[in-house]
Amino acid sequence: MYEFAVTPAVTSIRRRGVEICDVAPNSLGAEIDLESGDRIIKVNGRVVRDYLDFRFQTAGETELVLEVRKKSGEDWEVELERAEGEDFGLSFEQIVPRQCANECIFCFCNGNPADARPSLFIKDEDIRLSFLYGNYTTLTSITEDEMRRIVEQRLSPQYVSVHATDLDVRAYMLGIDKQRADISTKVARLLDAGIEVHAQVVLCPGINDNDVLRRTIFDLAAEYPRITSVAIVPLGLTRYNTDARLTRVTPEFCREVIDQVTAIQKELKEKLGTNFALLGDEIYLRAGRRIPGRSYYGDYPQIEDGVGMVRSFESEFAKLVRRLERECWTSVKQTSATIFTGTLFAPVLKKMIDDFNARFGTRLLVEPLENSYFGGDVSVAGLLTGQDLLSARERVVGEFVCIPKQMLKSDDAIMLDGMKMDEVSRELGQPVHAVNLQELAALLT
Ligand code: SF4
């Protein structure tokens, strides 16, 4: 679950300023004749490197001077006044992520098929994406400029892959020397500046488990509440990971980890009033243990890392059922459809959907979708592909097919193996909808 978060193209050459992609009609941007393709180079004399800079440098300013390189090549200087908080109506190009300089033994790039899309090989390590999307960085190659930027622009929280506070282990896992692996001064500097940090451990059997894990959790907890939480997620190996140093995560291993961490959480709860160390959903599902209750997760600090997603989904699903029963149960269509999801989540979803069918008379069928593209023990919905769907075509029944929204690249109707939604739909001979829970509900009412 730690693998793919944001993978925009990185083929573009870095140019000065930030490019405007869209200008809303009748907006302030349109009023001053900004157009898509123009680049904003400076705001009030300060260089703009990306849209975060633009946001930061315009925040709270009512009198502005923009230096703009027009699409035509002309340079403009635009003076303007705006009402406090008035939006420019501008959309900007995506941030081009900075690449990491590590050689992690468990890096997802080593688990890709050789012919996977180039974007799957992007090793992003970018404090801006950490702030914006919760991507993890190791802080090993962060520059002084980036450190200053986090503090000055309050890019908080930051999500940091720690893996182990034992330096030998951390250096070994990241494939770097001990000196670079040591981020204690950098973390302290961020914490002293009031930047909130969430930590992550990718748990690799035999490497950073047991005593190393215990020490990591307690070292990090010593900084609570400045370090707010640590997410512990299991190593995920595809069939392409052949590194002999790595051992697959087994159900037995997951049960041992749950027992160990539950005891630690008890100690921490007494001391700090919080569990602090949160185990990823995958660990419970693989262990065949119950997902913890709502209070275990607090305010779901690392839900994007697959920590509490299942509990949150179950709560939302229960709310949806209550709402439908209260407001409009007669309007639930007697639909028949197939819902595909990852093999790990499928039994959990099936239970909920079977109950839904019994209440509302729908005929929804949950089908687990094996990951034939990555193979190995990859069983999460977010890494399923179009090919996986096609190989399950015999199991499709009903009027349409639903797949989890995480199967699509962030803004596109395209899957990890490059297949487009309309292609899959054509091949299956059925409409295919990539949905979240609200969108599924809309299809059923
Ligand atoms: S930090 Fe490690 S896991 Fe992340 S992209 Fe770099 S090498 Fe891969």
### Query
Per 20 Å bin from zero, what fraction in whole % of the C-alpha pairs of the chain is there, up to the bin with the longest pair?
22, 50, 27, 0
### Rounded Å value of the spacing that divides the Cα centres of the range 58-129 and the range 246-272
38 Å
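About the Cα centre, and with charges only on the beta carbon of Lys, Arg (+1) and Asp, Glu (-1), how big is the dipole of the chain? Nearest 20 debye, please.
On the way: 54 positive and 70 negative charges, 278 e Å.
Rounded to the nearest 20 debye, it is 1340 debye.
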### Message
Below 11 angstrom from the Cβ of GLY375, what's the summed charge of the other residues (Lys, Arg +1; Asp, Glu -1)?
### Response
-2
### Query
Sorting GLU84, GLU152, GLU427 on the 10 Å Cβ count, fewest up front, what's the list?
GLU84, GLU152, GLU427
### Query
Between the range 398-424 and the range 340-373, what's the alpha-carbon centroid distance in Å?
17 Å
### Query
Lys pairs in the range 343-445, Cα-Cα under 23 Å, at least 8 apart or on separate chains: how many?
4
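Assigning unit charges at the beta carbon (Lys, Arg +1; Asp, Glu -1) and nothing else, what dipole magnitude in debye, to the nearest 20, does the range 307-428 show about its Cα centre? The partial results should precede the final answer.
On the way: 16 positive and 18 negative charges, 115 e Å.
The calculated dipole for the range 307-428 is roughly 560 debye.
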### Task
Take the chain, connect every pair of alpha-carbon atoms lying under 10 Å apart with a spring to form a Gaussian network, then pick out the residue of GLY280, GLY288, GLY73 with the largest mean-square fluctuation.
GLY73
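Let's see if you can work this out: charge +1 on each Lys and Arg Cβ, -1 on each Asp and Glu Cβ, no other charges. What is the dipole magnitude of the range 11-133 about its Cα centre, in debye to the nearest 20?
Working: 16 positive and 25 negative charges, 146 e Å.
Dipole magnitude for the range 11-133 comes out near 700 debye.
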### Message
Under 10 Å, Cα contacts only: if you run a Gaussian network model on the chain, which one of LYS123, LYS71, LYS405 comes out with the highest mean-square fluctuation?
### Response
LYS71
### Query
Hey, if you put +1 on the Cβ of every Lys and Arg and -1 on every Asp and Glu Cβ in the range 1-156, which of THR140, CYS21, SER91 ends up farthest toward the positive end of that dipole?
THR140
#### Entry: Where the Cα pairs of the range 252-334 fall when distances are cut into 5 Å bins, in %
3, 14, 19, 20, 15, 9, 8, 5, 5, 2, 0
### Summary
For GLY386, the net charge from surrounding residues (Cβ-Cβ under 10 Å; K, R +1; D, E -1) works out to -3
### Message
Roughly how far apart, in whole Å, are the Cα centres of the range 179-208 and the range 281-339?
### Response
31 Å
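Please order ASP126, ASP355 by the number of other Cβ within 10 Å, starting at the fewest. Before the final figure, lay out each step's value.
Numbers: ASP126 20, ASP355 13.
Ordered from fewest to most neighbouring Cβ atoms within 10 Å, ASP126, ASP355 come out as ASP355, ASP126.
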### Query
In nm, to one decimal, how far is the ILE414 label point from the TYR300 one, both placed 7 Å along Cα→Cβ?
2.9 nm
### Task
Of the options LEU213, ILE303, LEU190, report the single residue whose Cα projects farthest towards the positive end of the charge dipole of the chain (beta-carbon charges: Lys, Arg +1; Asp, Glu -1).
LEU213
### Task
Using only the C-alpha atoms of the range 320-445, find the volume of their convex hull and express it per residue in Å³.
96 Å³
### Message
Pick from THR341, THR242, THR274 the residue whose mean-square fluctuation is largest in a GNM of the chain, springs joining Cα atoms under 10 Å.
### Response
THR242
### Task
Report, ordered by chain and residue number, the aspartates and glutamates lying within cross-link reach of LYS123, taken as a straight Cα distance under 16 Å and ignoring same-chain residues fewer than 8 apart.
GLU3, GLU103
### Task
Return the lysines within reach of LYS42: Cα separation strictly under 20 angstrom, same-chain partners fewer than 8 residues apart disregarded; answer none if there are no such residues.
LYS70, LYS71
### Summary
So, relative contact order of the chain in percent, Cα under 8 Å, 6 or more apart, is 10 percent
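Rule-based calculations on the coordinates, nothing more; no lab input. Small disclaimer: the values here were computed from a predicted structure and weren't measured. Cβ coordinates were reconstructed from backbone atoms using ideal geometry, including for glycine residues, and neighbour counts include every protein chain displayed.
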